[in-house]
Amino acid sequence: MAAVSRPCEGRKHRSTAAEYGCDFSGETADPETDALGASDVHFVRPVHTVTLLLGDKVIPATILGIQSDRVIRGHRFMGEPEFTIDNADQYPEILRERGKVIADYEERKAKIKADAEEAARKIGGNADLSESLLEEVASLVEWPVVLTAKFEEKFLAVPAEALALAGWIAEQIGADVNHATRAGLLSKCDLMTNMVFEFTDTQGVMGMHYARHDGEAEDVAVALNEQYQPRFAGDDLPSNPVACALAIADKMDTLAGIFGIGQHPKGDKDPFALRRAALGVLRIIVEKNLNLDLQTLTEEAVRLYGDKLTNANVVDDVIDFMLGRFRAWYQDEGYTVDTIQAVLARRPTRPADFDARMKAVSHFRTLDAAAALAAANKRVSNILAKSDEVLSDRVNASTLKEPEEIKLAMQVVVLRDKLEPYFTEGRYQDALVELAELREPVDAFFDKVMVMVDDKELRINRLTMLEKLRELFLRVADISLLQ
């Protein structure tokens, strides 16, 4: 508000008042408000009436195309829509009584403060009102009324899903469960601060500083800063186990929740950045070599939502989505599409295990026997797919006739027993190197032995042997998909 004191020669009061009425409207222009009608005058609200009185006399004037009068409009909902004033001295009182509008700003401000303090006193509390809040509210309302409301205390807490999931993950990876749960509790507190509200890039960073200031454990403070990592391709990963647990929990909670209500990404649209979240989870697990399974991880994230989710296939949908992120990631890392497809065909849900298989198959491709064994696996796969025979659980050694099938059957049995610890320990590269030794007996078998013979017992036995051979390779990947 601006006020000007300007001495001038004496005039008749009716003329002076009218002039200053016009001048007042024009000189209070605000460039952030709209012009009124066809005039250049700006005002914060549309002007409907001009009440211009000196004592009990109406001062004739036309302002913004509106003729002055003694008519006043009250509060749109609580007061009388329109009434008249007999004397200028009545203005504050009649506007309050009939219009339900308190004209005086300071009076409104004082009423809000007094009523809020009284409402707080009645429920045994205190009204913590800042001066800036009082000024803002007093400027917004014409007829202030203080109301007392409440909400369930549970809404003050971080969702139980995020807390429980962080603790569960911490237990799986050997991190401090109490610290991970504490980090989950504090994870979004800094979002409510003025600092993060004004400078959104400081989220997490401010959480760390506040936690240190309050004496929280250092790994908790660091976790608050690193919970959003990795934010983009090539970004740093969380540096300690508690931070890893929190970062994975935050991302998996988002994936489970959004997929659980059917809002998965479509086409190029990904408004909730779920692709980034999924890739972040995979990178943390793989590069930190964490013993986590996407199946159990997703099931736990979904379970914590209870009956809130509507998508019955949410677990499979999330896992399929994350495996799809593996495809994009490894392509960016330079792996061939057929190598990725060979591993994806086995649908391994442990990210660290998936990575070990990828490296094993990539190395297998460099071996001399790779192309021949890939072709042989493809041939075996086709033969088995075309057969509708019910196969045996094991190869019957007494039924074997040809030297080539006897030799191959023996090597399959030997390698099956030898490689079992390799598969259990995830030594897939060593396993495929051993399996590469099957090239010669496999080639000899297909050169000398007919599989689909008329003798049913012999045919089923040979098909069973081929199935056992294929099962060995499938313990790592579907080698038949390699080009």
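The values are calculated or read from the model by the stated rules, or taken from the named source; none is laboratory data. Given the structure is predicted, the values throughout are model-derived calculations rather than measurements. Cβ: placed from backbone, ideal geometry, glycine included. Neighbour counts: every protein chain shown.
Screening the range 299-403 for helices (runs of 4 or more DSSP H) wholly inside it with 1 or more residues that are among the aromatic types (Phe, Trp, Tyr) and under 30 Å from ASN461 (Cβ atoms) returns the ranges 351-364. Pairing each residue of the range 49-62 that is under 12 Å from ASN87 (Cα atoms) and assigned by TED's automatic domain parsing to the domain that holds GLY74 with any residue that is acidic (Asp, Glu) and part of a strand (DSSP E or B), provided the two are 6+ apart or on different chains, yields C-beta distances under 8 Å for THR51/ASP69; LEU52/ASP69; VAL58/ASP69. Of ALA119, ALA170, all but one fail to be more than 30 Å from LEU53 (Cα to Cα), in contact (Cβ under 8 Å) with a residue 40 or more places away in the chain and not in a loop (DSSP other than H, G, I, E, B); the exception is ALA170. Taken together, LEU344, LEU279 contain a single residue that is farther than 27 Å from ALA431 by Cβ and either at pLDDT 95 or above or among the aromatic types (Phe, Trp, Tyr) (or both), which is LEU279. Considering each residue of the range 404-424 in turn, none proves to be of a type in the set (Lys, Arg), within 46 Å of the chain's Cα centre (by Cα), modelled with pLDDT of 95 or more and not in a helix (DSSP H, G or I).
Under 48 Å from the mean Cα position of the chain (by Cα) and assigned by TED's automatic domain parsing to the domain that holds ALA376, is that true of ARG459? Working first, answer last.
Working: under 48 Å from the mean Cα position of the chain (by Cα): no; assigned by TED's automatic domain parsing to the domain that holds ALA376: yes.
Answer is no for this residue.
Filter the range 132-146 for residues that are outside any helix (DSSP H, G or I) and among the hydrophobic types (A, V, I, L, M, F, W, C); which is farthest from the chain's Cα centre (by Cα)?
Here is the first cut: in the range 132-146, the ones outside any helix (DSSP H, G or I) are 141-146.
From the residues that got through so far, the ones that are among the hydrophobic types (A, V, I, L, M, F, W, C) too are 141, 143, 145-146.
Details: VAL141: 37, TRP143: 42, VAL145: 39, VAL146: 37 Å.
If we take residues in the range 132-146 being outside any helix (DSSP H, G or I) and among the hydrophobic types (A, V, I, L, M, F, W, C), then TRP143 is farthest from the chain's Cα centre (by Cα).
Has the range 190-198 got any residue that is assigned to a helix (DSSP H, G or I) and touching a residue at least 24 places away in the same chain (Cβ under 8 Å)? Yes; the residues of the range 190-198 include at least one that is assigned to a helix (DSSP H, G or I) and touching a residue at least 24 places away in the same chain (Cβ under 8 Å).
In the range 201-228, which residue that is assigned to a loop (DSSP other than H, G, I, E, B) and either of a type in the set (A, V, I, L, M) or in contact with a helix residue (DSSP H, G or I) (Cβ under 6 Å, 6 or more places away or on another chain) (or both) is surrounded by the most Cβ atoms within 10 Å (Cβ to Cβ)?
Of the range 201-228, the ones assigned to a loop (DSSP other than H, G, I, E, B) are 203-204, 214-217, 227-228.
With either of a type in the set (A, V, I, L, M) or in contact with a helix residue (DSSP H, G or I) (Cβ under 6 Å, 6 or more places away or on another chain) (or both) added as a condition, the list becomes 203-204, 217, 227.
Numbers: GLN203: 19, GLY204: 20, ALA217: 16, GLN227: 28.
Residue satisfying both the conditions and the ranking: GLN227.
Determine whether the range 313-323 contains at least one residue that is farther than 20 Å from ILE169 by Cα, among the polar types (S, T, N, Q) and at pLDDT below 95. Taking every residue of the range 313-323 in turn, none turns out to be farther than 20 Å from ILE169 by Cα, among the polar types (S, T, N, Q) and at pLDDT below 95.
Here VAL286 passes the criteria (1) over 20 Å from GLY204 (Cα atoms); (2) in a loop (DSSP other than H, G, I, E, B); (3) of a type outside the set (Lys, Arg) except the one numbered (2).
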